[in-house]
Amino acid sequence: MTDTAEIQCPRSITEEDRARAQIYQLLGVLLANPPTADLLQGLSSLQGDDTPLGQASKNLAALAERSNPHDVEREFNNLFVGLGRGELLPYASYYLTGFLNEKPLAELRTDLMSRGIKARSDVKEPEDHICTLCEIMAGIITGAFPCDSDVASQKAFFDAHLAKWAELFFTDLEEAQSAVFYAPVGSLGRAFMAVEAEAFAIQ
């Protein structure tokens with residue numbers, strides 16, 4: 001993923017953890033805003049294999065190569081913005097309670113405060129947006145925050161804020177009516193969340 005999501009690591013991490021952080025970062029970037037022409041070009045060079053994660057990467061690369069930024073921006077707006085609301089509401093509170101700004105958001109804010117993680121001033125979305133959670137996971141893995149960055153800390157955050165709903169969200173994105181470019185983004189996210197859940201389960 002080095003072509004699409006460069007990771008700055010305050011501490012030395014393994015190549016496997018660097019790759020994990022890059023996938024989280026890429027998902028965060030793609031779910032925060034429509035991709036730029038440069039990002040689409042970078043995505044077109046993604047490589048894959050026969051695993052679900054690798055297949056999703058190859059499909060994303062193929063679609064990125066033949067997509068233009070204007071069409072993808074329209075798709076992004078249909079999925080996540082819409083007239084009043086988009087096709088999907090990518091928030092933990094909504095997926096877990098059916099409403100926005102509920103207990104999952106309050107619990108996340110408490111957790112972030114305890115970890116010394118502050119919300120960026122330029123982000124207007126509630127912190128339980130999937131893009132923010134992916135960015136935070138990338139930061140925990142790379143040691144970008146003052147909290148512990150070991151596997152136990154990563155697992156605690158994942159289990160508390162992603163495990164119960166993220167895979168379902170990415171499945172919904174994969175199957176969304178408006179999704180063309182974003183269908184393999186959903187596939188990538190779904191496959192990656194399954195891999196992460198399996199890995200954390202044996203810790």
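The values are calculated or read from the model by the stated rules, or taken from the named source; none is laboratory data. Note that the structure is a prediction, hence the values are computed from the model and not measured. Glycine also receives a Cβ, built like all others from the backbone with ideal geometry; neighbour counts cover every protein chain displayed. In case anyone asks, the SASA skips ligands and DNA or RNA and just uses the protein heavy atoms, side chains included. Shrake-Rupley method; radii C 1.70, N 1.55, O 1.52, S 1.80 Å.
Could you run through region 122-161 and say how many residues are under 19 Å from Leu79 (Cβ atoms), part of a loop (DSSP other than H, G, I, E, B) and in contact with a helix residue (DSSP H, G or I) (Cβ under 6 Å, 6 or more places away or on another chain)? Total satisfying the criteria: 2. Taking the criterion of being closer than 27 Å to Val123 by Cβ and β-branched (Val, Ile, Thr), the only residue of region 33-63 that qualifies is Thr36. The set of residues from region 172-183 being assigned to a helix (DSSP H, G or I) and more than 13 Å from the chain's Cα centre (by Cα) comprises Asp172, Glu174, Glu175, Ala183. Screening Lys164 against (1) in contact with a helix residue (DSSP H, G or I) (Cβ under 7 Å, 6 or more places away or on another chain); (2) charged (D, E, K, R); (3) in a loop (DSSP other than H, G, I, E, B); (4) without any contact (Cβ under 8 Å) to a residue 60 or more places away in the chain leaves a single unmet condition, (4). The residue of region 168-203 that is surrounded by the fewest Cβ atoms within 10 Å (Cβ to Cβ), among those that are acidic (Asp, Glu) and closer than 16 Å to Arg20 by Cα, is Glu198. Sub-7 Å Cβ pairs linking a first residue in region 138-152 that is without any contact (Cβ under 8 Å) to a residue 60 or more places away in the chain to a second residue that is open to solvent by less than 20 Å² (accessible area, probe 1.4 Å) and not hydroxyl-bearing (Ser, Thr, Tyr), at least 6 apart or interchain, are Ile140/Gln154; Ile140/Phe157; Phe145/Ile117; Phe145/Gly139; Cys147/Ile117; Cys147/Ile140, ordered by first then second residue. For region 125-143, the candidate set comprises residues that are more than 16 Å from Leu26 (Cα to Cα) and within 17 Å of the chain's Cα centre (by Cα); within that set, the residue that is surrounded by the most Cβ atoms within 10 Å (Cβ to Cβ) is Asp128.
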